[in-house]
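Participant: Below is a structure I'd like to ask you about.
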Amino acid sequence: MPRWLGAVVFFGIAATIWTAVHVYLYLRVTSAVEIGATGRSVAKGVVAGLALAYLVGRLLSGHWEAGAGVLTWVGAIWMGFAAVAATVFAARDLGIALPAGLLARRGVLDPDLTHEVLRWSARTAIGLAAVVSAWGLWVVFRGPLVTEVEVPIRGLPARMDGFRLVHLSDIHLGETVGTRYLERIASVVDPLEADLVVVTGDLTDERNGGDGSGLRRIAAFRSRLGVWACTGNHEVYAGGQQAVEAIERAGIRVLRQSHEVVEEGLVVAGIDDPTFLGGRGALPEAIGAALAGAPTGLPIVLLAHQPLAYREAAEAGVDLMLCGHTHGGQMPPFLWLNRLVYRYMQGWHRVDGMALSVSRGTGYWGPPMRIGAPGEVLLYRLRSAGPPEVR
């Protein structure tokens with residue numbers, strides 16, 4: 001399928017789902033609050049405006065920055081609330097409305113009582129969705145948390161024992177992720193005194209890297225050996241090769257089917273996201289190209305945006321594979337839906353003797369909310385042998 005046709009199909013499906021979600025929410029909210037015919041007309045307009053706010057904000061970007069910024073923020077927050085509210089209402093419908101309706105039909109429940117149960121459960125669902133969404137906003141504005149991990153790696157020279165490798169992923173610079181959020185990340189990363197900072201893709205959503213100021217701030221995160229990265233799918237959306245060149249101009253080393261030897265004791269390799277490579281089927285070849293010519297006997301760390309082709313990486317001799325992309329689900333309902341696509345969504349795993357680490361992401365995408373999957377900065381202390389220990 002041509003890329004343009006795939007994009008049309010994707011956005012067509014997304015628009016259909018988004019419309020269905022808003023129709024569903026409108027029906028559920030108006031069943032909870034009696035607002036009359038005029039109120040329903042106003043509600044339809046408000047819901048339609050909120051549904052379109054994010055898209056309109058993105059379209060206005062570069063033309064009317066003040067209005068675009070407000071609409072993008074309003075639309076992004078609404079996007080998160082709508083997802084949470086639809087999830088809560090679906091649970092309410094299955095757990096309360098459906099059983100109550102069946103019992104009422106069989107004469108077990110009084111119709112008036114059933115009506116009150118349905119109305120008040122809908123009101124409770126609205127309140128719960130608002131509270132959960134507010135919590136998700138706070139989790140994002142608080143900034144990412146640090147997870148420290150002891151990573152035993154066979155063959156690591158004794159002089160590199162304790163090497164501090166800091167793993168970031170999915171910053172998504174641009175839209176609602178700006179200077180203030182980057183400073184929150186810096187306040188977490190800089191005190192860690194990293195030997196090397198790596199970013200496993202989706203650094204930026206700014207077209208062609210924007211003015212480069214945000215990328216330069218990422219490049220300036222405190223690290224003895226600098227900041228290295230691999231590409232993510234959003235680098236493709238942000239301009240492809242031009243976005244990658246902007247990242248490199250900012251001072252970030254991008255590993256694309258290539259590797260670097262760190263202090264003659266560790267190989268750090270990186271591969272492009274499948275969207276650059278033409279599909280998931282190209283990942284094994286990309287891994288082979290990244291490790292071609294690497295010194296034998298040295299442990300290997302592989303940077304890959306998506307947690308895919310991990311068995312091929314293990315067969316190629318990779319000791320530690322670092323990934324992101326999933327955001328750990330970020331928030332309902334994606335906490336569960338993502339599991340239909342990715343076997344490993346977050347945390348530590350062992351795959352054929354290789355350690356696989358999937359980051360929940362350091363930033364966020366779309367809604368500035370994280371519910372059940374807080375952002376994280378991973379600090380790996382490279383050690384000698386034994387299974388990884390998270391503390």
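The values are calculated or read from the model by the stated rules, or taken from the named source; none is laboratory data. Keep in mind that this is a model prediction, so the values were computed, not measured. Because the Cβ atoms are built from the backbone with ideal geometry, glycine has one as well, and the counts that use them run over all protein chains shown.
Participant: What are the residues in the range 138-183 that are outside any loop (DSSP other than H, G, I, E, B), of a type in the set (D, E, K, R) and under 25 Å from residue 372 (Cα atoms), if any? Break it down stepwise before answering.
Facilitator: Start the filter on the range 138-183 by keeping residues that are outside any loop (DSSP other than H, G, I, E, B), which leaves 138-142, 145-152, 158-160, 163-168, 173-174, 177, 179-183.
Pick out the ones that are also of a type in the set (D, E, K, R) and you get 142, 148, 150, 159, 164, 180, 183.
Selection gives 142, 148, 150, 180, 183.
Participant: Just wondering, is there one or more residues in the range 218-230 that are aromatic (Phe, Trp, Tyr) and at pLDDT below 95? Quick ask: steps written out before the conclusion?
Facilitator: Start the filter on the range 218-230 by keeping residues that are aromatic (Phe, Trp, Tyr), which leaves 221, 228.
Among the residues that remain, those that are also at pLDDT below 95 are: none.
No, the range 218-230 has no match at all.
Participant: Of 212, 251, 226, 239, which residue is under 12 Å from residue 196 (Cα atoms) and either polar (S, T, N, Q) or out of contact with any Asp or Glu (no Cβ under 8 Å at 6 or more places or on another chain) (or both)?
Facilitator: Numbers: 212 fails: under 12 Å from residue 196 (Cα atoms); 251 fails: under 12 Å from residue 196 (Cα atoms); 239 fails: under 12 Å from residue 196 (Cα atoms).
Only one candidate passes the filter, namely 226.
Participant: Right, next: Does residue 365 qualify as being farther than 25 Å from residue 258 by Cα and surrounded by fewer than 20 Cβ atoms within 10 Å (Cβ to Cβ)?
Facilitator: Numbers: farther than 25 Å from residue 258 by Cα: yes; surrounded by fewer than 20 Cβ atoms within 10 Å (Cβ to Cβ): yes.
When the stated conditions are applied, residue 365 passes them.
Participant: Using beta carbons and a limit of 9 Å, which pairs, at least six apart or on different chains, have the first residue in the range 250-266 and closer than 18 Å to residue 286 by Cα and the second one part of a loop (DSSP other than H, G, I, E, B) and of a type in the set (D, E, K, R)?
Facilitator: Every condition considered, the pairs that remain are 256/272; 257/272.
Participant: Please work out which residue is farthest from residue 202 (Cα to Cα), limiting yourself to the range 160-187 and to residues that are touching a Leu at 6+ places or on another chain (Cβ under 8 Å) and surrounded by fewer than 17 Cβ atoms within 10 Å (Cβ to Cβ).
Facilitator: The residue in question is 161.
Participant: For the range 267-285, give me each residue that is crowded, with 19+ Cβ neighbours inside 10 Å and under 16 Å from residue 314 (Cα atoms). Break it down into steps so the answer makes sense when it comes.
Facilitator: The first filter runs over the range 267-285 and keeps only residues crowded, with 19+ Cβ neighbours inside 10 Å, leaving 267-276, 283.
The answer is 267, 268, 269, 270, 271, 283.
Participant: Residue 113 passes all but one of (1) over 20 Å from residue 25 (Cα atoms); (2) touching a Leu at 6+ places or on another chain (Cβ under 9 Å); which number fails?
Facilitator: For residue 113, the exception is condition (2).
Participant: Let me ask something additional. Provide a single number: the residues in the range 140-157 that are within 21 Å of residue 269 (Cα to Cα) and out of contact with any Gly (no Cβ under 7 Å at 6 or more places or on another chain). Step through it out loud before you land on a result.
Facilitator: First pass over the range 140-157, keeping only residues within 21 Å of residue 269 (Cα to Cα): 149-157.
Of the ones still in play, those that are also out of contact with any Gly (no Cβ under 7 Å at 6 or more places or on another chain) are 149-151, 153-154.
Here the count works out to 5.
Participant: Also: Which of the residues belonging to the range 188-238 are surrounded by 21 or more Cβ atoms within 10 Å (Cβ to Cβ), out of contact with any strand residue (DSSP E or B) (no Cβ under 7 Å at 6 or more places or on another chain), outside any helix (DSSP H, G or I) and not charged (D, E, K, R)?
Facilitator: Of everything in the range 188-238, just one residue is surrounded by 21 or more Cβ atoms within 10 Å (Cβ to Cβ), out of contact with any strand residue (DSSP E or B) (no Cβ under 7 Å at 6 or more places or on another chain), outside any helix (DSSP H, G or I) and not charged (D, E, K, R), namely 232.
Participant: Is it true that some residue in the range 286-306 is under 22 Å from the mean Cα position of the chain (by Cα), surrounded by fewer than 17 Cβ atoms within 10 Å (Cβ to Cβ) and not β-branched (Val, Ile, Thr)? Walk me through how you get there before you give the answer.
Facilitator: Pass one, the range 286-306, residues under 22 Å from the mean Cα position of the chain (by Cα): 301-306.
Of the ones still in play, those that are also surrounded by fewer than 17 Cβ atoms within 10 Å (Cβ to Cβ) are none.
No.
Each row is one residue, and each column tells you yes or no for (1) more than 20 Å from residue 156 (Cα to Cα); (2) among the hydrophobic types (A, V, I, L, M, F, W, C).
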{"position": "274", "(1), (2)": "yes, no"}
{"position": "279", "(1), (2)": "yes, no"}
{"position": "309", "(1), (2)": "yes, yes"}
{"position": "317", "(1), (2)": "no, no"}
{"position": "320", "(1), (2)": "no, yes"}
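Participant: I would also like to ask the following. Please count how many residues of the range 239-255 are crowded, with 17+ Cβ neighbours inside 10 Å and assigned to a helix (DSSP H, G or I).
Facilitator: Going through the range 239-255 one residue at a time, the tally reaches 4.
Participant: Quickly run through the range 256-314 and pick out the residues that are outside any helix (DSSP H, G or I), closer than 29 Å to residue 329 by Cα and in contact with an Asp or Glu (Cβ under 6 Å, 6 or more places away or on another chain).
Facilitator: We begin by selecting, within the range 256-314, every residue outside any helix (DSSP H, G or I); these are 256-273, 278-279, 292-309.
Next, only the ones that are closer than 29 Å to residue 329 by Cα stay: 256-257, 268-273, 278-279, 300-309.
If the condition is that a residue be outside any helix (DSSP H, G or I), closer than 29 Å to residue 329 by Cα and in contact with an Asp or Glu (Cβ under 6 Å, 6 or more places away or on another chain), then 256, 268, 300, 305 are the ones that fit.
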